[in-house]
Amino acid sequence: MHAYLRDCIGRLTEFWERNTSALAFAMNGSGGRGQDDPWSDGDVVLVVADDSYQSVCEEMRGLMQRHCGEIRLWLPEGETQRCVNYAFLFEKDGEQFLMDHAVFCESLMVETPAYEAGIIYFDRSGSLTCANRRFAGSKHDFTAPMLSNLIDTYLTYTYLNGKYYRRGDTAKMLYIQNTLQGLHMRLFQALYPDRPFSGWWCRDIDYLSDEHQSAILLYAAPPECGLIGKLVLSELNLFGAHARDACRRLSITYPEVAEAFVFRQLTDAGLCS
C-alpha cells in the first residue's frame, strides 16, 4: 500500500478514537490481511452508535477531504439505514488514490454473524472484535445435498452450451461461462472446508492450489462463440474430476448417467470432436 494511504488511515484512526460517536475502527481488505502491495487501495470500517449514524454520514465527505485529500469522485455503495460504504477517489500532490470507508451501526454489527475486520485499531464496544472472532472461527460446511444440487445445476447449465453453440449465440454462452465459473468456485468450498471463502471469486481464488486456480481462470473465455466452444469439454472434465473428489469426501455418488447425457448433447452439437 502507498505510504500516503497508510498515513491517511493513521490520521483517521487518531480522529475517530477522539470522536465519542466512534465505537470501533479497523483496516480490512488486503491491508488488513497483510496481503497488500504498492497498488492496493485503503479499506477501513467504522462502527458508530446507532443514534450517531445519520450525523456521521452527513459529515463523512467533508471529513475525508480534510484528512485525505481533494475528492474527485464520491460513491456511496449499498446504503441502508444502518450501513454504507463510501468509495471515493482523491488526489494529493498530483497522485491519485482510492479508499473504501464503511460505516456500520453498532446494532447491525452485533447482529452480523461474522465480519472480517482485519487489523482492529480500537473497539470500545467489543462488537467488531466479536464479529471478527466469529469470522476467524467460521467454517463453510458443505453438505451432501448441497453438493448434489450444485453438480446437477452445473451439468444442466453445461447442457445449455450445446443449444447456444448451435445458435451461435455468443452472449448467452458468455452468460453460461459466468454461471459455470461461479458454480465451480462454490464446489471448492467442499474441497477446502477450512478456507474463509467470502463469495467473491476474485479474492477466494487465492485460497486455491495453482491447479485449481487454472481451472477457474479457464472460464475467462474470449467473446466469440467458437472459441468458447473449444473450452467447454475441458471445463466439464475438470469440474467432473473435482466434483468426484468432493463426492468421495462426502460419501455420495457422482451422477455418471447425467454427465453422460450432457456429453451426448455436446457431442451432437459438435463440441466434443
*Kirkwood Rh, the stretch 144-268, all Cα pairs: how many Å?*
14.8 Å
*Only Lys, Arg, Asp and Glu count, each charged at its Cβ (+1, +1, -1, -1), so figure out the dipole size of the chain about its Cα centre, rounded to 20 debye.*
820 debye
*What order do you get for GLU14, GLU77 when you list them from fewest to most C-beta neighbours inside 10 Å?*
GLU77, GLU14
_Chain lengthening between LEU227 and THR179 when straightened (0.36 nm per residue, less Cα-Cα)_ = 15.5 nm
*At 7 Å along the Cα-to-beta-carbon direction for both TRP200 and ARG244, put a label point, then send me their distance in nm to one decimal.*
3.6 nm
*Work out the charge dipole of the chain with +1 on the Cβ of Lys and Arg and -1 on the Cβ of Asp and Glu about the Cα centre, then indicate which of MET109, PHE15, GLY162 is farthest towards its positive end.*
GLY162
*Where the only charges are on Cβ atoms (+1 Lys, Arg; -1 Asp, Glu), what is the dipole of the stretch 3-137 about its Cα centre, to the nearest 20 debye?*
280 debye
_SER125/GLU70 FRET efficiency (R0 30 Å; Cβ-Cβ; nearest 0.05)_ = 0.35
*Going 7 Å from the Cα of THR156 toward and past its Cβ, which residues in the stretch 201-237 have a backbone nitrogen under 19 Å from where you end up?*
236
*Relative to the first principal axis of the alpha-carbon coordinates of the chain, what is the inclination of helix 127-137, with its axis defined by its Cα atoms, in degrees from 0 to 90 and to the nearest 10?*
30 degrees
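Read the figures in this text as sums done on the coordinates, not as results from a lab. Keep in mind it's a predicted model, so treat the numbers as computed, not measured. Neighbour counts are summed over all protein chains in view; Cβ atoms, including those assigned to glycine, are modelled from backbone coordinates with ideal geometry.
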